[in-house]
Amino acid sequence: MFGSDGLFTESAWDILLTLFIAYDEDKVIALDGVIATAPRTGARWVTALMQADLARSWQKDEDGPVLASITPKGFELMLTYLERV
C-alpha cells in the first residue's frame, strides 16, 4: 500500500503517525520533535519517508528549526490504511 515493504519499521511508522496527527491538528512540528530514536537513525527514516513522497521537511530561516509535515499523498494513504484496519 505504501510502496515499500521495508519502509515501515517501528521508527518509520512512529514518525509517519506523528506527522499524520500533527497534520490533522493543523500543526507543523520541528523535525527533532518527530524523531524519538537516535538522531541519525531518525534522520535516515525521515529521508526514506521523503523519498517515498510521504513526508517533507523545510527550514523557514537559516537559524530556525527544520520543520516537518506529512505530504498530501502520505495523509491520504494513512486515511485509507486506517479505514481498512
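Readers should treat all values here as calculations from the given coordinates under stated rules, not as data from a laboratory. Everything quoted here is computed from the prediction, not taken from an experiment. Cβ placement follows ideal geometry from the backbone for every residue including glycine, while neighbour counts extend to all protein chains displayed.
Structural remarks
- Angstrom value of the Kirkwood radius, inverse mean 1/r, which spans all Cα pairs in the stretch 8-84: 12.4
- Listed from fewest to most Cβ neighbours within 10 Å, the set MET78, MET50 follows the order MET50, MET78.
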